Amino acid sequence: MMSATTWSIDSLESWATRLLVVSGLAAQDAAAIAGLIVRTEARGVVTHGLSRLPSYVEKLQSGEYNAHAHITHTMKAGAVRLDGDGAMGQLAGLRAIEKCCELAREQAVTLCFARNLGHLGAVGLYPLIAAERGFVAIAIQRTPPLLAMPGSSGPLIGHNPIAFAAPIPDSEPLVFDMACSVAARGHVLLAVERGEDIPGGWAVDEFGTPTTDAKSARDGMLLPFGGYKGLGIAMLGEILAGSLAADMDDRERMQPAAAASLGAGALGGQTAFFLVINPALATETLTYAALATDWTRQFAANAGPAARLPGQRAATLERAARDRGVPVASDVVERLLTLSERLGVAAASPMQ
């Protein structure tokens, strides 16, 4: 078990903001991104939280992420088409979901096809933001090709994370977030950092041979969950968040060879899809509330005492973090301290 120290949310957000500002971001944008990263950590999604910050800083400093992005959108037949101008994914994703929520106040369904943005981080945060405002939402990010089957000579398709969230009366929002691989690539990258093996059945090496070596998995390919079923859902992501969201300027960098040349980690220039539904306009508000209550109560009643709806554990962790602080693994803290020293940024202090 990795040791951890506890930090207040405010101190972590301020620390992350300082690191992003010194990397070129405007203070307001840096604070918004830091808030999402720390919220991800507080909700227990540690593979996509603070452990990713050094990679984001690296991408900002190399220019793969545009620190001065001018995010724009146009409307096409009622759908939003967002151009991130190379922005960090968290910033572009936040703009996308906020625009969808704004439009959803007046129309039942809003779609956003987004291009030229970085790694979104935890994809489930964006539907959660919408669900906290009373909307049902879906988000998908298209990734470079990473999925393969045993024996594959190369990657077949992206592992295209998909998430949805929905408001549930008298409960936390339901939030389900998954990659189409057996395990998210963030688990592999974290295992590489920690010098740990990964479980069997997660990945194959570059030759298509099953492996438990994290570095071989990082340089190889991930296995889809449920075999062909995972591949099928990844194809849905490829259509919605790739073929429909990209334009011809993106075609070359969407190829496996182009993605491989950029190395591991949180790549820039990616595409995504967002959908927001207003239950009050799509159906009767009371009908949605009653039926959502019915099936979630039925689930809870029959699933056993340990069962929970997706999102409940993360919400419990977030409440605890706001009251008592966020536990951050010691190896992640060490990397942040090293980064801070290199950039001349004052580090935060843990809670006593």
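The values are calculated or read from the model by the stated rules, or taken from the named source; none is laboratory data. These numbers were taken from a predicted model, which means no experiment stands behind them. Using ideal geometry, Cβ is built from the backbone for each residue, glycine included, and neighbour counts are taken over all protein chains shown.
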Go through segment 261-352 and tell me which helices (runs of 4 or more DSSP H), entirely inside it, have 1 or more residues that are under 23 Å from the mean Cα position of the chain (by Cα). 312-324, 330-343
Would you call residue 45 surrounded by fewer than 24 Cβ atoms within 10 Å (Cβ to Cβ) and under 22 Å from residue 311 (Cβ atoms)? yes
Quick one: would you say residue 292 is touching a Phe, Trp or Tyr at 6+ places or on another chain (Cβ under 7 Å), more than 22 Å from residue 187 (Cβ to Cβ), surrounded by 11 or more Cβ atoms within 10 Å (Cβ to Cβ) and not hydroxyl-bearing (Ser, Thr, Tyr)? no
Extreme residue, modelled with the lowest pLDDT, among residues of segment 303-329 that are closer than 21 Å to residue 45 by Cα and surrounded by fewer than 11 Cβ atoms within 10 Å (Cβ to Cβ): 306
Any residue in segment 95-110 that's assigned by TED's automatic domain parsing to the domain that holds residue 80: show its pairings with residues that are part of a helix (DSSP H, G or I) and β-branched (Val, Ile, Thr) at Cβ separation under 7 Å, as long as the two are six or more apart or on different chains. 97/129
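Would you mention how many residues in segment 120-171 are of a type outside the set (Val, Ile, Thr) and assigned to a strand (DSSP E or B)?
12
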Unique residue being more than 29 Å from residue 319 (Cα to Cα) and in the same structural domain as residue 123 (by TED's automatic domain parsing) when the list is 24, 84, 89: 84
Specify which of the listed residues (142, 81) is over 18 Å from residue 31 (Cα atoms), in contact with a helix residue (DSSP H, G or I) (Cβ under 6 Å, 6 or more places away or on another chain) and of a type in the set (Lys, Arg). 142
When you look at residue 134, is it of a type outside the set (A, V, I, L, M), over 13 Å from the mean Cα position of the chain (by Cα) and modelled with pLDDT of 95 or more, yes or no? yes
Can you spot a residue in segment 297-307 that is in contact (Cβ under 8 Å) with a residue 40 or more places away in the chain and closer than 17 Å to residue 175 by Cβ? no
Any idea how many residues of segment 210-256 are in a helix (DSSP H, G or I), of a type in the set (D, E, K, R), assigned by TED's automatic domain parsing to the domain that holds residue 154 and in contact (Cβ under 8 Å) with a residue 24 or more places away in the chain? 2
Residue pairs meeting the criteria (Cβ under 9 Å; at least 6 apart or on separate chains; first within 27 Å of residue 339 (Cα to Cα), in segment 61-78; second of a type in the set (Ser, Thr, Tyr)): 61/23; 65/23; 65/56; 67/23
Since residue 300 meets every condition but one in (1) more than 21 Å from residue 138 (Cβ to Cβ); (2) surrounded by 14 or more Cβ atoms within 10 Å (Cβ to Cβ); (3) at pLDDT 95 or above, which condition does it not meet? (3)
Only residues that are among the polar types (S, T, N, Q) and surrounded by fewer than 12 Cβ atoms within 10 Å (Cβ to Cβ): list them for segment 339-351, please. 349
For segment 14-30, which positions are assigned to a helix (DSSP H, G or I) and more than 17 Å from residue 337 (Cβ to Cβ)? 21, 27, 28, 29, 30
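Of everything in segment 8-25, what is farther than 22 Å from residue 124 by Cβ and either touching a residue at least 24 places away in the same chain (Cβ under 8 Å) or within 18 Å of the chain's Cα centre (by Cα) (or both)? Give them in sequence order. Give the steps one after another, and end with the answer.
Going through segment 8-25, the residues farther than 22 Å from residue 124 by Cβ turn out to be 8, 10-11, 14-15, 17-19, 21-25.
Those that are farther than 22 Å from residue 124 by Cβ and either touching a residue at least 24 places away in the same chain (Cβ under 8 Å) or within 18 Å of the chain's Cα centre (by Cα) (or both): 8, 11, 14, 15, 18, 19, 22, 23, 24, 25.
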So residue 18 clears everything in (1) of a type in the set (Lys, Arg); (2) surrounded by fewer than 18 Cβ atoms within 10 Å (Cβ to Cβ); (3) in the same structural domain as residue 318 (by TED's automatic domain parsing) except one condition, right? Which one? (2)
